[in-house]
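Rule-based calculations on the coordinates, nothing more; no lab input. Predicted model only: the values in this text are computed from it and were never measured. Don't worry about glycine lacking a Cβ; one is built from the backbone with ideal geometry, like all the others, and counts go over all protein chains shown.
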Amino acid sequence: MVLIRALEQRILTEGQVLPGEVLKVGSFLNQQIDTKLLKDMGEEIARLFSCNNVTKVLTIESSGIALAYSAAVALGVPMVFAKKHKSSNLAGNILTSKVFSYTHQQTYDIMVSGDYIKADDTILIVDDFLAMGNALNGLIDITGQAGAKLAGCAIAIEKGFQGGGDALRAKGIRVESLAIIDRMTDDSLEFRPQ
């Protein structure tokens, strides 16, 4: 609970609401990273999913990588990230899904090598933000293509008012968000009680 309150306070004091319901938290979570806060968030995610036998943490490049790494370290498992652009070193059995980025207003073909996610894996998906759920749905799709088991999804900041988290929960998917914003205007944020 202390971590949740600390994260909410950082969002209130350092977050900036940009046009289009975009929340900028680059001063501590995305571009510049508060490593102590990130370490604490990774440990909390590990605590929440400690009984799920997670074998790998999966995220999408690039802003989710730091949090996913922190959670993977705390869980003692490898981290895998989906690429948004095909590169020459990505070949063979490629798992792909289409993801629309709310922030960038662009559709990406995300991809992960099938060498890194196997049917005997239990995957925890970790990301920095959850809005409409597009990135998570793409990563869930990739997990399913591999035949792996989904432990659930862990998020730093969920925009609850955009419905993505609630839609995933309605499908029976476990979603744990460290901070959930229920209402956001240019000059105020309202968090969901947890």
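What's the FRET efficiency of Glu61 with Val2 using the Cβ-Cβ distance as r and R₀ = 25 Å, to the nearest 0.05?
On the way: r = 31 Å, r/R0 = 1.22.
Result of the calculation: an efficiency of 0.25.
If I take R0 = 22 Å and measure r between the Cβ atoms of Lys36 and Lys86 in this structure, what FRET efficiency does the formula 1/(1 + (r/R0)^6) give, to the nearest 0.05? Intermediate results must be reported in sequence, preceding the final value.
Values: r = 36 Å, r/R0 = 1.64.
The formula returns an efficiency of 0.05 here.
Could I get the Rg over Rh figure for the chain? Both from C-alpha atoms, Rh via Kirkwood, rounded to two places.
0.95
Could you check the spin-label model distance between Ile94 and Ser27? Points 7 Å from the Cα along Cα→Cβ, value in nm.
4.0 nm
What 222 nm value per residue comes from the helices of the chain, counting each DSSP H run with n ≥ 4 as -39,500 (n - 2.57) and dividing by all residues, nearest 500 deg cm²/dmol? Don't skip to the end; give the middle numbers.
Details: 5 runs with 58 residues, N = 194.
Roughly -9000 deg cm²/dmol at 222 nm, from the helical runs in the chain.
Among bridges DSSP assigns within the stretch 46-188, what percent are antiparallel (round to 5)?
Of the beta bridges lying entirely in the stretch 46-188, close to 30 percent run antiparallel.
Run the numbers on the stretch 2-191 and let me know its relative contact order in percent, using alpha-carbon pairs under 8 Å that are six or more apart. Let's see the in-between values first.
On the way: 376 pairs, mean separation 35.5, N = 190.
With pairs under 8 Å counted, the relative contact order is 19 percent.
Output the pairs from Lys24/Lys86; Lys36/Lys159; Lys36/Lys171; Lys24/Lys171; Lys36/Lys83 with a Cα-Cα distance over 25 Å in this structure; if there are none, say none.
Result: Lys24/Lys86; Lys36/Lys171; Lys24/Lys171; Lys36/Lys83 exceed 25 Å.
Over the stretch 74-140, what number does the Rg to Rh ratio reach, with both radii from the alpha-carbon atoms and Rh per Kirkwood?
0.96
Which translational diffusion coefficient, to the nearest whole µm²/s, is obtained for the stretch 77-191 from the Stokes-Einstein equation, given a Kirkwood hydrodynamic radius over C-alpha pairs, 25 °C and 0.890 mPa s?
Translational D for this selection: 164 µm²/s.
Where does the Debye-calculated log10 I(q)/I(0) of the stretch 104-166 sit at q = 0.16, 0.18, 0.19 Å⁻¹, using only Cα point scatterers of equal weight, no solvent?
Summing over Cα pairs of the stretch 104-166 leads to -0.55, -0.68, -0.75.
What does a probe at Leu12 reach in the stretch 160-176, counting residues whose amide N is under 19 Å from the point 7 Å along Cα→Cβ?
Of the residues in the stretch 160-176, 160-161 have backbone N under 19 Å from the label point off Leu12.
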